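One structure below.
Derivation of every value follows stated rules applied to the coordinates shown; laboratory data play no part. Every value quoted in this text rests on a predicted model; they were computed, and no experiment measured them.
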Amino acid sequence: MRPCNKAVLTIFFSLSSLLAGAQQTPKPATPSTSGQAPSLTVDRDPVRSPDAETAAPSATGQPLKKEGEGYILHRDVEEVVLNATVLEGTQLAQNLQKDNFQVFEDGVKQNIISFQHTDLPVSIALVVDNSGSMSRKRPSVNKAALDLVEASNPQDEAFVVNFSDEAYIDQDFTSNVAKLRDGLSHIESRGGTALYDAVVASADKLVADAKRPKQVLVIITDGEDNASTLTLDQTIRRVQELSGPVIYCIGLLFGDEMSHAEVRHARRALDLLSTETGGIAFFPKSIEQVDEIAAEVARDIRSQYTIGYHSSKPSSEPGFRRVQVTAEAQGMGKLTVRTRTGYFPATRVPRKSQAMQK
């Protein structure tokens, strides 16, 4: 074990909440019978955190403000905030105004109350597959992940999660590229692929500890989940309940290590994780394309529009709410808007969890 201060943060949530509420886009699935939530551990030495009653605050909770820097983005409990990418054909559409957008919730037009098109700093989770099949790919993957950070806003912060059967924080939040490089260098390629557990634990950590209101989760993996306690549907629902991060996926599904059925299942999972949260999944044909994709992800993040509205439904009304955003602009062709497909209304703002020390 490498030297460390033994600080450990483990994120838990109640699996029963995964089945609460009304019907949703992903079909409900039976939760794990283990009773234990996915966790992130630091330096391979887990310590339990407080239970779900002291879990992370909702992303739509108290107003967030970073002092001494060039941005302020406030949120209130009732405001629904959408990060939206707009494309004209295959090109990013810039310079659109508030009046160019329309927002619909469950088919009802909503009143936009806030609008920004600014390169806001972002909190990023770099979630990288560390299973046995990734050993030869990690040098190129690590370079691409670092290039993504370097191409992003200098005020961004990121943390590194390496996962196989379990998910480990090998570098906590930092803007220091050298520290992120060190975190990515801890390669112990072995075991299975507990992708869904790693996604949920990382999303929980973003909501609990991120300093930036805008949050992104970048997944790099070469296989199908085969070791998680959670299902794909449960994972998507948890992220939606958190009003959680936009997820970008890079699926390294080339080569002959996987059957056609495994590739199809893995591709569907990564597509859904991205589409439901407003991101996009990429499937390069070779490892050499990963660096170019990372640069595209960085451009996408920095070019988004941030749109806020108050739902015309009372916040006490439960159930999944489907969201659609459209855009039109004179002199431009057909515009395609990519954002999360919906959300669950926040019913409470729990207290923030605290790191446990060993």
In units of 2.2 N^0.38 Å, the Cα radius of gyration of segment 206-248 is 1.29
Contour minus Cα-Cα span, Thr326 to Glu188, at 0.36 nm per residue, comes to 45.2 nm
Spelling it out for Ser39: with amide H atoms placed in the peptide plane at 1.01 Å from N, the residues 5 or more places away or on another chain with amide H under 5 Å from its amide H are Ala167
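How long are the semi-axes of the equivalent ellipsoid of segment 100-258, taking √(5λ) for every eigenvalue λ of the Cα gyration tensor, in whole Å from largest down? Show your work: numbers first, answer last.
Working: eigenvalues 160, 80, 39 Å².
Semi-axis lengths for segment 100-258 are 28, 20, 14 Å.
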Going through Lys109/Lys334; Lys143/Lys334; Lys137/Lys179; Lys143/Lys285 one by one, the pairs whose alpha carbons sit over 24 Å apart turn out to be Lys143/Lys334
A student asked for the Cα radius of gyration and Dmax of segment 238-315 in angstrom ought to give 15.8, 52
